[in-house]
């Protein structure tokens, strides 16, 4: 059970120039009304060697979020090439879309991005200095890598036994959580599992 489900992420401008804005049409479903906004981020991985080169291209707050299907277009500028190691400007990297609720990330959708010249001559003999107005990016949009994390999404006290009943009802087995998290300590609170 989850409160927020991503239904679809569509890459709008793909392939395109490296310097063009990123545009994603994000469709998600909210099962119940959220008290606070959802925070969405687009992160460009500048190098697989270190997170130091990651760039948050944009961050937006979406809300209030009513129950039902919601959709928006998330646009972010291209990464700053000066913050990317020259050896990592060409070839494959990753673009990541994250969503958080109350400063807790619950989903991360990653796409491989291939940065290359379209002209065969430039591909075979790349110049020492990258020519950005001839460099293209191609997002592998049909093969996203999705990572989901359970988070605390509310602040009402809910007994753990209630979750055990819910788990039993859904899975038929009180020992299996099937994606539903619950707490057994005295500081019980609602848990939001987002898929």
Proxy exposure order for 22, 112 (fewest C-beta within 10 Å first) is 112, 22
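According to the square roots a ≥ b ≥ c of the eigenvalues of the Cα gyration tensor, what is the shape class of segment 1-137, taking rounded for a/c under 1.5, prolate for a/b larger than b/c otherwise, and oblate for the remainder?
Working: a/c = 3.03, a/b = 2.23, b/c = 1.36.
Verdict is prolate for segment 1-137.
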Relative contact order of segment 1-110, please, whole-number percent, based on alpha carbon pairs below 8 angstrom and at least 6 residues apart.
29
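FYI, it's all coordinate maths here, none of it is from the lab. Predicted model, so just to flag it, every value in this text is computed and none were measured. When we count neighbours, we look across all protein chains shown, and the Cβ atoms used for this are built from the backbone with ideal geometry, even at glycine.
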